[in-house]
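Just below is one structure, and these are the notes that go with it.
The values are calculated or read from the model by the stated rules, or taken from the named source; none is laboratory data. As the structure is a prediction and not an experimental result, all values here were calculated from the model. Cβ sites come from the backbone with ideal geometry, for glycine too, and all protein chains shown count toward neighbours. Heavy atoms of the whole protein, side chains included, go into the accessibility calculation; ligands, DNA and RNA do not. Shrake-Rupley method; radii C 1.70, N 1.55, O 1.52, S 1.80 Å.
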Amino acid sequence: MTVSRFVLGCALALSAAFAVAATPGVSDREIVLGSIQDLSGPAAMLGSPVRDGMLLRLEEANAAGGVHGRKLRMVVEDTGYDPKRAVLATRKLLDRDQAFAFLANFGTPVVMATMPLIVDAGRPHLFPFSPHEATYSPLHPLKFQIFAPYQSYMDAATRHMVQSRGYKRTCLLYQDDDYGLEVLKGVEAGLARIGQSLVEKTSYKRGATDFSSQIARLRGADCDFVVLATVVRETIAAMSEARKTGWMVDMLVTASGYSAQTHELGGAAVDGLYGVSVLPHPYAEGANSALGNWITRYRKRFGVDPNVWSAMGYSIADLFVQGAKAAGRELTVEGFVTALEQLKTTRDFFGSPEYRFSHDDHLGNRYGRLAQIRDGRWVILSDYLK
């Protein structure tokens, strides 16, 4: 080899090494991912299984050799469902941990406070647990979402329930923040399309535990159908208060209340509750073989049964793995985004939707399903609400 060729070869090698080093969170040996979850606050019973589901998928990928020889390392920060804590956690993940991308950030108030920091830093903001239109629109190269927006699916779910069951007096109990306001818009839009309007609405502050005044107000308005923009704990508290007073009104909760913990902790008080789901709950009884094997692996790793949030966390991590593999060995943000825009999935053993992205559309799924708690178990009533 001549000296000139040797020098050229060294230069190319150094250039390739520098390109990798210049991508935050990507080294020759690993890819660092960030996630901000509620592990100690009012939604911790959801944030913890999301984290564990993601960890299980990443650990399985690492056991199989990683992604193009790189191991995946996730750094999870607890926000306690507090936007101020979330901002501090995000800055830490960006500056100290140099996260390549953020996965499954939890909670609409948290996401609305932190998403601008993440995309302004040039990092992908992937599949947050916040079905808010802002997580994918207006189109931004770094924002991807797989959960149908609250406005769309609550428009469809409200219309479906009212038209199929003949309700005349729909009311709403909502969390007083971005989450609740998005649900409010969807419910109002759905009712308007069928010539109705909300009879009454009442809100609560994030983390509330006493719903006696709100339930009294809704009952006083003679509601025959109540939509809940609540999370699991608040869903149970609201329904328990209603049933305690002898009010057996039908209630529908968003996907934020669709969890096994709702019926496990709520018991008879929540039987009959309707809910919107993304995918079926992963019950061991009646599971297909692939799902049964996954449940066994999850139990062995974490010592508890998985729930639907565990399954969604696992699916989100799997989407990242698929995108990173498709992006190739020389992983860059631009290459990853291009790969994700071309990604098309099929139904998996969870019964997940088929996710599709494109250069012009970063919302991978637009639909929800209707479910109901019957005899202490969520049952899917319809496939896709439109």
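Figures for the structure shown
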quantity: Per-bin percent of Cα-Cα distances, the range 166-222 [10 Å]; calculated: 23, 50, 25, 2
quantity: Cross-link table 84/386; 244/300; 168/244; 92/300; 143/344, entries beyond 27 Å C-alpha to C-alpha; calculated: 84/386; 244/300; 92/300
quantity: Span-rule helices in the chain, defined as complete DSSP H runs reaching 24 Å or more along the axis (Cα) with Kyte mean at least 0.0; calculated: 3-21, 44-63, 308-327
quantity: Over the range 56-178, volume per residue of the alpha carbon convex hull, in Å³; calculated: 149
quantity: Distance histogram in 10 Å bins (all Cα pairs of the range 153-273, percent per bin); calculated: 14, 51, 33, 2
quantity: Cα convex hull volume per residue for the range 220-278 (Å³); calculated: 72
quantity: For the range 48-101, average projected area of the Cα convex hull in nm²; calculated: 4.1
quantity: Candidates 347, 297, 123, ranked by Gaussian network fluctuation over the chain, Cα under 10 Å, top entry; calculated: 347
quantity: Accessible area expressed per residue, the chain, with surrounding protein chains retained (probe 1.4 Å, Å²); calculated: 40
quantity: Radius 10 Å from Cβ of residue 200, net charge of other residues (Lys, Arg +1; Asp, Glu -1); calculated: +3
quantity: Net charge of Cβ neighbours under 14 Å - reference residue 78; Lys, Arg +1; Asp, Glu -1; calculated: 0
quantity: Carbon + sulfur, % of accessible area of the chain - ligands and nucleic acids excluded, 1.4 Å; calculated: 51
quantity: Burial order of peptide ranges 105-113, 196-204 (average beta-carbon count within 10 Å, highest first); calculated: 105-113, 196-204
quantity: As computed over the chain, the Cα convex hull volume per residue (Å³); calculated: 135
quantity: DSSP beta bridges in the chain [antiparallel fraction, %, rounded to 5]; calculated: 25
quantity: Net charge, residue 328 excluded, C-beta distance under 13 Å - Lys, Arg +1, Asp, Glu -1; calculated: +1
